[in-house]
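Written below as structure tokens is the structure these notes are about.
The values are calculated or read from the model by the stated rules, or taken from the named source; none is laboratory data. Since we're looking at a predicted model, the values are computed, not measured. Here the Cβ is made from the backbone with ideal geometry for all residues, glycine too, and neighbour counts use every protein chain on show.
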């Protein structure tokens, strides 16, 4: 079986037809190179295609767009004024690349289309904001659970909310627990034993710290960076408190903020802000945080040996599934906490002003959470419907004429 990441390929093919510049963000080990090679080798695209890996010429400096065009034209035979698709791999290593891409985009005489791959981490480069609104952006994540099942050659056609039966859960439970424990990196999935998987994950974190983070931080700071990973992993889905982190690391608040900025701008940390309209009744300040990889949590907690579902990791997983399947980029995911202690895990906020309250539960009960009723009274005109999760059961309920979709947490992508 030749496995291709169809969701991402479909997006790239769609954008290629009409966009001049596409940026593919990637984390390590997500088969970014496989995506590019698939397009390069696709004979259905009857257009000249050129590929350049800037890891091979990372020492080369370009001052201007014209310097870039001259070098690439001469050394790689690229005609910037013809109908060509130019793949620029690892562009984050190129000095001044943001300004060069911006100039190429703004030059109406340039006819070629550019697909550039860009490490998530390197978004902290300052000039990126001048380019971001000009391009189509694609984030390539590790395998989703459904891609994980596809890769394992499991039939996923029955795993949707319209024809799912609870007994089907028995067929995929052990796969779900493997995914939950080790996450969706192909290189890790291919390893046979737990020990081999853990060793592969250790290699990934080691490369990340030594090759990526080392560019921004000194060795002593990298030690602190590992500590902050450990702290976050052991306090996942908690309120984010800068003072606690500062005390834990014995470093300044400003340094903590800098580390968190690196994590957030490299998409390893997600800060989720509260939804509220009345600060007297609802918390309106402290955000919660989630990590982009479940294995990071298990790795720093040394918790690979007990794969029973834990609520905080399931909440993190559900957040990531919602995030990866947002309808449009500008939709928001928020938390909801009342002063009296009651809460809703997530509020999905459509830019059309609809909201969907989402409560993450593991018990197979179709009971509607009490907090939904009070929330309904306060926000009735804004609600589209409600979601409550289970481990394996599906059902439908109603609350004041609103649908309450009850669905397995790992199927949440199918309902947003």
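Does residue 201 satisfy the criteria of being surrounded by 14 or more Cβ atoms within 10 Å (Cβ to Cβ), more than 29 Å from residue 285 (Cα to Cα), within 21 Å of the chain's Cα centre (by Cα) and touching a residue at least 12 places away in the same chain (Cβ under 8 Å)? So residue 201 fits the description; yes. Residue 324 fulfils the conditions (1) touching a helix residue (DSSP H, G or I) at 6+ places or on another chain (Cβ under 9 Å); (2) crowded, with 21+ Cβ neighbours inside 10 Å except for a single criterion, (2). Scanning segment 1-19 for residues that are under 30 Å from residue 203 (Cα atoms) and either at pLDDT below 85 or surrounded by fewer than 17 Cβ atoms within 10 Å (Cβ to Cβ) (or both) turns up 1, 2, 3, 4, 5, 6, 7, 9. Only one entry in 216, 182, 225 is under 21 Å from the mean Cα position of the chain (by Cα), surrounded by 15 or more Cβ atoms within 10 Å (Cβ to Cβ) and over 22 Å from residue 146 (Cβ atoms), namely 225.
Those residues that are in contact (Cβ under 8 Å) with a residue 60 or more places away in the chain and either within 17 Å of residue 29 (Cα to Cα) or not assigned by TED's automatic domain parsing to the domain that holds residue 307 (or both), I need them from segment 182-194; list them, please. Once the filter is applied, which keeps residues that are in contact (Cβ under 8 Å) with a residue 60 or more places away in the chain and either within 17 Å of residue 29 (Cα to Cα) or not assigned by TED's automatic domain parsing to the domain that holds residue 307 (or both), segment 182-194 yields 182, 183, 185, 186, 187, 188.
From the list 22, 45, the one residue that fits, being touching a helix residue (DSSP H, G or I) at 6+ places or on another chain (Cβ under 6 Å) and surrounded by 13 or more Cβ atoms within 10 Å (Cβ to Cβ), is 22. Being within 30 Å of residue 261 (Cα to Cα) and either assigned by TED's automatic domain parsing to the domain that holds residue 204 or touching a residue at least 12 places away in the same chain (Cβ under 8 Å) (or both) narrows it down to one of 35, 86, 112, so name that one. Of 35, 86, 112, the one residue that is within 30 Å of residue 261 (Cα to Cα) and either assigned by TED's automatic domain parsing to the domain that holds residue 204 or touching a residue at least 12 places away in the same chain (Cβ under 8 Å) (or both) is 35. Using the structure shown, decide if residue 377 is assigned by TED's automatic domain parsing to the domain that holds residue 161, farther than 30 Å from residue 174 by Cβ and part of a helix (DSSP H, G or I). Yes, satisfied. Among the residues of segment 184-238, just one is in contact with a strand residue (DSSP E or B) (Cβ under 8 Å, 6 or more places away or on another chain), modelled with pLDDT of 80 or more and in a loop (DSSP other than H, G, I, E, B), namely 236.
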